[in-house]
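> There's a structure below that I have some questions on.
Derivation of every value follows stated rules applied to the coordinates shown; laboratory data play no part. Keep in mind that this is a model prediction, so the values were computed, not measured. Virtual Cβ from ideal backbone geometry, glycine too; neighbours counted across all protein chains shown.
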Amino acid sequence: MKAPVRVAVTGAAGQISYSLLFRIASGEMLGKDQPVILQLLEITPALEALKGVAMELEDCAFPLLAGIVQSDDATVAFKDADYALLVGARPRGPGMERKDLLEANAAIFSAQGKALNDVASRDVKVLVVGNPANTNALIAQRNAPDLDPRNFTAMTRLDHNRALTQLANKTDSTVNDITHMTIWGNHSATQYPDLHQAKVNGEDAMGKVEQEWYETDFIPTVQQRGAAIIKARGASSAASAANAAIDHMRDWALGSAEGDWTSMGVYSDGSYGIAKGLIYSFPVVCKNGDWEIVQGVDINDFSREKMTATEQELAEERDAVAHLLP
Ligand code: NAI
């Protein structure tokens, strides 16, 4: 058996974590031969609820669960962490403007970035799920000057997975038939789900759907899916978000599917003309515990306009919290 790795999860008593933690502990994220120590962070008022979650984890008697740490102190929860899933975030309250939301989360993610910088493994792989995910990831990254900026990523895998199923349903195929899906940009309504590279059974997806469906159905459906779920379920997507977090981390740690790529919000190196340093979703290939932005994707005028719009939103979010960035 391998030595256990340390997996920190924040917002551990919340909805997403209630789907996520059990799957991490059962080996779905890092493999059935990889023991894990879960290091769970919550705010002080939620520690009692967290205790209940930890009791349930114990009651599963997962063979791979080598320990559970519970804390309201980020320097305890992130100590020597090999993986950190930052799920907890401040939700938008009544009357809260977008700027207030950005600032409230900037406070949380700057403190967590500093704590990661101080105590986590130098190779920690960080996934930010809590919204606004890309900008929260940027804030954490900027507050962790001793860590490689490439260690900080934001989740757009849920959008990617949503897009796979929409295209599968439309083309009377299954998600297994689809490759080369891409989500560009921000995990928000400006994200750009791009079908120009996508393949259905190896054939161009755009040859199988109407342009009108692509523009007026597919793109808005994927962009607005989160809101549609809140409307239907009365609560935001949780199990599917947890599933996407598992997919994201598993691919990063163990490699993405051969001959395909996936979508991850990653530190922009200027690829495709996207401003350097933004946490922007690109097509990426994961291998040997690392990721790389896929190069050479054709960008037509339609795509460029949408990629720029979502880039602009991310630049605005960055500028709105600029006074809080070191
Ligand atoms: P939730 O409200 O059920 O749980 C959030 C938990 O985080 C709460 O238990 C809260 O006490 C905790 N928390 C708040 N501040 C914290 C801090 N400073 N440190 C540690 N824990 C803290 O919310 P849910 O449904 O689990 O969603 C979590 C986040 O994920 C939200 O921001 C949501 O918008 C986001 N989300 C992101 C998606 C994506 O695709 N990137 C998809 C779905 C949700």
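> Based on other C-beta atoms within 10 Å, arrange 157, 92 from fewest to most.
Ranked by crowding around the Cβ, least crowded first: 92, 157.
> Let me ask something else about it. Past the 28 angstrom mark, what percentage of all C-alpha to C-alpha distances in the chain do you count?
The share of Cα pairs beyond 28 Å in the chain comes to 38 percent.
> Mind sorting 231, 208 by how few other Cβ atoms lie within 10 Å of their own Cβ, fewest first?
Ascending number of Cβ neighbours within 10 Å: 231, 208.
> What is the stretch 156-321 by shape, rounded, prolate or oblate, if you read a ≥ b ≥ c off the alpha carbon gyration tensor as root eigenvalues and call it rounded for a/c under 1.5, prolate for a/b larger than b/c, and oblate otherwise?
Judged from the Cα gyration tensor, the stretch 156-321 comes out rounded (a/c under 1.5).
> Right, next: Quick one: dipole size for the stretch 156-321, taken about the Cα centre, charges +1 on Lys/Arg Cβ and -1 on Asp/Glu Cβ, in debye to the nearest 20.
That gives the stretch 156-321 a dipole magnitude of about 580 debye.
> To continue, here is another question. For a quick check of your reading of the filter: which trypsin sites (Lys or Arg not before Pro) in the stretch 8-71 sit in a DSSP loop and have no more than 12 other Cβ atoms within 10 Å?
In loop regions of the stretch 8-71 (DSSP not H, G, I, E or B), the sparsely surrounded trypsin sites (Lys or Arg not before Pro) are 32.
> A further question follows. How would 286, 60 line up from fewest to most surrounding beta-carbon atoms within 10 angstrom?
Lowest count first: 60, 286.
> Considering only the other residues whose Cβ falls under 11 Å of the Cβ of residue 77, what net charge follows from Lys and Arg at +1 and Asp and Glu at -1?
So the surrounding residues net to -2.
> Taking springs between alpha-carbon atoms closer than 10 angstrom, which of 168, 232, 253 fluctuates most in the Gaussian network model of the chain?
232
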